[in-house]
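Novice: Can you read through this structure? Questions will come right after.
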Amino acid sequence: MGRKKIETLIKEKISPYSLNEKGKSTIASLANMYSYELLCDCIDIAASSYLNYDNEGRMTKESAEDFINKIGGIAYNKSLSPIDQQINYLLNIGKHQFSYWDKPKANALLREYIYQLQVYGWTSYMITNDLKTDSLRLIKESRNWSDWTAKIENWIQDIKSWIEEKNSDEVRQSGTILPNELIKDLPGNIRKLCEQINASYECNLFDCTAVIMRRLLESLLVISYQTLNIENEIMNKNGVFHISLDKIIINAQENQTLKLSANTKKDMMLFKDLGNYSAHKIWYNCTKGDIEQNALKYRTIIEELLYKSGIKQ
């Protein structure tokens, strides 16, 4: 049934031409490999990109054939993971950017770069975003193949040095407030804050714990707004700095794009206050009880924001 529907869609696109037996065989193979919904998208993409018309508005036979031949490749690319899709895109950009381009070696370098980022703790979302921005910019700004390979190899070495530095600067902690199972695969900067919260609590440094808890809460809220493309809602009038945490929390409590749970909306201000008291109140010292009685609430808030921010998938 799906094959017949796909054939009908294609016939409509290439009318007055029709599918020959080879074309029907190609469509049958694609219908067995990919979903109907995916092929519909691919047909639309191929039609807008490859169907051409002569001066009298008639579709050219060559473009109709090209349109059919391109559907399979588009379907293959769209079925890949976001990272693999972006790798293929970068490989294609490099091929057209430089007079010489060693595709197998370029592919190996990009995958080594991605592997090192994963080892360092980057999420799939963060890596995909990097491939779309910084990695793409690197190719476009490089002078030639040799220039690009030298730069990407330097990037790889830089990440390896980050990993060595991270390993040599490990925080000793036991996951008391934020369990190690929750934080083990987080990006380096976020994981460090989580580890410091645990370590300071376990060493009875409760004012330190409260301040870092506040910092992590604010960081994850800001990243969540950035991920959802609504960061402008928490910027000052000049669009230069973020508004204060209490105002961010007030916005977050009502924000229909962020859609936080009821408990998170209710409890966030508690940890803002706890951090503020520890940082600014002259006569206040945070105690173990202040944190211990609210540890589960904090863990619940942080776990929700890790998903809202896209840091955890």
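Novice: Go through the residues of region 28-41 one by one and say whether even a single one is modelled with pLDDT of 90 or more, in contact with a Phe, Trp or Tyr (Cβ under 6 Å, 6 or more places away or on another chain) and either more than 20 Å from Lys11 (Cβ to Cβ) or open to solvent by less than 40 Å² (accessible area, probe 1.4 Å) (or both).
Specialist: Within region 28-41 (the criterion being modelled with pLDDT of 90 or more, in contact with a Phe, Trp or Tyr (Cβ under 6 Å, 6 or more places away or on another chain) and either more than 20 Å from Lys11 (Cβ to Cβ) or open to solvent by less than 40 Å² (accessible area, probe 1.4 Å) (or both)), the answer is no, since none of the residues qualifies.
Novice: Give Ser29, Ser18, Ser25 a once-over and let me know the one that is polar (S, T, N, Q) and touching a helix residue (DSSP H, G or I) at 6+ places or on another chain (Cβ under 7 Å).
Specialist: The match here is Ser18.
Novice: Looking at Glu170, is it free of Cβ contacts under 8 Å to residues at least 40 places away in the same chain and either touching a strand residue (DSSP E or B) at 6+ places or on another chain (Cβ under 8 Å) or assigned to a loop (DSSP other than H, G, I, E, B) (or both)?
Specialist: So Glu170 fits the description; yes.
Novice: Taking the condition of being modelled with pLDDT under 95 and within 27 Å of the chain's Cα centre (by Cα), how many residues in region 272-306 meet it?
Specialist: 0
Novice: Here is a follow-up. Does region 236-258 contain any residue that is within 17 Å of Glu218 (Cβ to Cβ), among the basic types (Lys, Arg) and either assigned to a loop (DSSP other than H, G, I, E, B) or over 22 Å from the mean Cα position of the chain (by Cα) (or both)?
Specialist: Yes.
Novice: Right, something else. Among the numbered criteria (1) without any contact (Cβ under 8 Å) to a residue 60 or more places away in the chain; (2) assigned to a helix (DSSP H, G or I); (3) within 30 Å of Asn285 (Cβ to Cβ), which one does Asn107 miss?
Specialist: Failed condition: (3).
Novice: I need the full set of residues from region 132-158 which are open to solvent by 80 Å² or more (accessible area, probe 1.4 Å) and outside any helix (DSSP H, G or I), in order please.
Specialist: Selection gives Arg143 alone.
Novice: Out of all the residues in region 46-93, which are modelled with pLDDT of 90 or more and hydroxyl-bearing (Ser, Thr, Tyr)?
Specialist: Ser48, Ser49, Tyr50, Tyr53, Thr60, Ser63, Tyr89, listed by residue number.
Novice: Restricted to region 235-245, and to residues that are surrounded by 13 or more Cβ atoms within 10 Å (Cβ to Cβ) and out of contact with any Leu (no Cβ under 8 Å at 6 or more places or on another chain), which residue is nearest to Tyr277 (Cα to Cα)?
Specialist: Ser244
Novice: Out of region 266-284, which residues are of a type in the set (Lys, Arg) and open to solvent by less than 60 Å² (accessible area, probe 1.4 Å)?
Specialist: Across region 266-284, the qualifying residue is only Lys272.
Novice: Another question about this same structure. State whether the residues of region 203-211 include one that is outside any loop (DSSP other than H, G, I, E, B), closer than 28 Å to Met126 by Cα and of a type outside the set (A, V, I, L, M).
Specialist: Yes, region 203-211 contains a residue that is outside any loop (DSSP other than H, G, I, E, B), closer than 28 Å to Met126 by Cα and of a type outside the set (A, V, I, L, M).
Novice: Within region 285-310, count every residue that is open to solvent by 40 Å² or more (accessible area, probe 1.4 Å), without any contact (Cβ under 8 Å) to a residue 60 or more places away in the chain and over 21 Å from Tyr225 (Cα atoms).
Specialist: 4
Novice: Restricting attention to region 159-194, report how many residues are under 20 Å from Gln313 (Cα atoms) and either touching a helix residue (DSSP H, G or I) at 6+ places or on another chain (Cβ under 9 Å) or open to solvent by less than 20 Å² (accessible area, probe 1.4 Å) (or both).
Specialist: 16
Listed here are the residues, each with its yes/no results for (1) in contact (Cβ under 8 Å) with a residue 12 or more places away in the chain; (2) in contact with a His (Cβ under 9 Å, 6 or more places away or on another chain); (3) of a type outside the set (A, V, I, L, M, F, W, C).
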{"residue": "Trp162", "(1), (2), (3)": "yes, no, no"}
{"residue": "Glu165", "(1), (2), (3)": "no, no, yes"}
{"residue": "Thr176", "(1), (2), (3)": "yes, no, yes"}
{"residue": "Ile183", "(1), (2), (3)": "yes, no, no"}
{"residue": "Ile190", "(1), (2), (3)": "yes, no, no"}
{"residue": "Phe206", "(1), (2), (3)": "yes, no, no"}
{"residue": "Ile212", "(1), (2), (3)": "yes, no, no"}
{"residue": "Leu217", "(1), (2), (3)": "yes, no, no"}
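Novice: For region 247-265, name all the residues that are surrounded by fewer than 13 Cβ atoms within 10 Å (Cβ to Cβ) and more than 18 Å from Ile291 (Cβ to Cβ).
Specialist: Scanning region 247-265 gives Lys247, Glu254, Gln256, Thr257, Lys259, Ser261, Ala262.
The values are calculated or read from the model by the stated rules, or taken from the named source; none is laboratory data. On a predicted model such as this, the values are computed, not experimentally measured, just so you know. Cβ atoms come from the backbone with ideal geometry, glycine included; neighbour counts cover every protein chain shown. These area figures cover heavy atoms from the full protein model, side chains too; ligands, DNA and RNA do not enter into them. Shrake-Rupley method; radii C 1.70, N 1.55, O 1.52, S 1.80 Å.
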